[in-house]
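Scroll down for the structure; my scribbles are underneath it.
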Amino acid sequence: AEALDQPAQAIAVLDRLVRLRPGEASPVASRGILRARLGQFKPAFDDAQSASNLSPGGREQLQIAGIYALVADQRPTQSNSVEPKPGELRSQAYTWLARAIQSDNSMVSLAANDPDLASLRTSPQFKRLIGGASLIQATAK
């Protein structure tokens, strides 16, 4: 459904998968990234937190990074609420990006072009993470 640009239907399918596989991070992280793309801040944030507690692998960790990056873009910089601020969310995005790369070095090439991480791509921290991981990959060959 996501490939057909039907995110609502994809989320409905993922809702069922989450119920059928409650201990798996993959459907939770996938649902969270779709929700974040749709601007559904609170459900996306909740999915990121839930997926992080389900032993996510590299791909799910990259999705969690994407959720935090997208949600950070949607949050006002000045807010009186107790919700995380954009800087805190971006920090979480970098943390999960680093975990994804550490967990599975094939995530470097995915992260470098991931549209969900576009808002991070110009930052020095993103460049250091991707550049350093790429250098390690090239050196290890």
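The values are calculated or read from the model by the stated rules, or taken from the named source; none is laboratory data. Here the structure is a predicted model, which is why all the values come from computation and not from measurement. Cβ coordinates were reconstructed from backbone atoms using ideal geometry, including for glycine residues, and neighbour counts include every protein chain displayed. Ligands, DNA and RNA are stripped out before the accessible areas are found, and what is left, the full protein with its side chains, is counted by its heavy atoms. Shrake-Rupley method; radii C 1.70, N 1.55, O 1.52, S 1.80 Å.
Along region 46-61 the Karplus relation, 6.51 cos²θ - 1.76 cosθ + 1.60 evaluated at θ = phi - 60°, assigns HN-Hα couplings of 4, 5, 4, 5, 5, 4, 5, 8, 10, 6, x, x, x, 5, 5, 5 Hz to successive residues, with x for each Gly and Pro. Taken about its Cα centre, the chain carries a charge dipole of about 240 debye when Lys and Arg each add +1 at the Cβ and Asp and Glu each add -1 at the Cβ. Rg ratio for the chain: its Cα radius of gyration over 2.2 N^0.38 Å, N being its residue count, equals 1.04. Just the protein heavy atoms count here, and of the accessible area of region 22-141 at 1.4 Å, carbon and sulfur take up 51 percent. Centre-to-centre, using Cα atoms only, region 81-141 and region 1-66 are separated by 19 Å. Against the empirical 2.2 N^0.38 Å (N residues), region 1-70 has a Cα radius of gyration ratio of 0.97. Modelled this way, with points 7 Å down the Cα-to-C-beta line, the labels at R16 and T122 are 4.2 nm from one another. A straight Cα-to-Cα reach below 25 Å connects K85 with the lysines K42, K127, residues fewer than 8 places away in its own chain not being considered.
Size descriptors for region 61-141 (Cα atoms only): Rg and Dmax, in that order, 13.3, 50 Å.
Projecting the Cα positions of L120, A65, F41 onto the charge dipole of the chain (unit charges on Cβ atoms of Lys, Arg, Asp and Glu, taken about the Cα centre) puts L120 furthest along the positive direction.
The accessible area of K42, taken with all protein chains in place and a 1.4 Å probe, comes to roughly 110 Å². The residues of region 4-141 expose, per residue, 54 Å² of accessible area to a 1.4 Å probe. For region 90-116, the residues whose amide N sits under 16 Å from a probe point set 7 Å from the Cα of I136 along the beta carbon direction are 94-112.
As a rough guide to protection, the peptides 11-17, 94-100, 132-138 ranked by mean Cβ packing within 10 Å, highest first, stand as 94-100, 11-17, 132-138.
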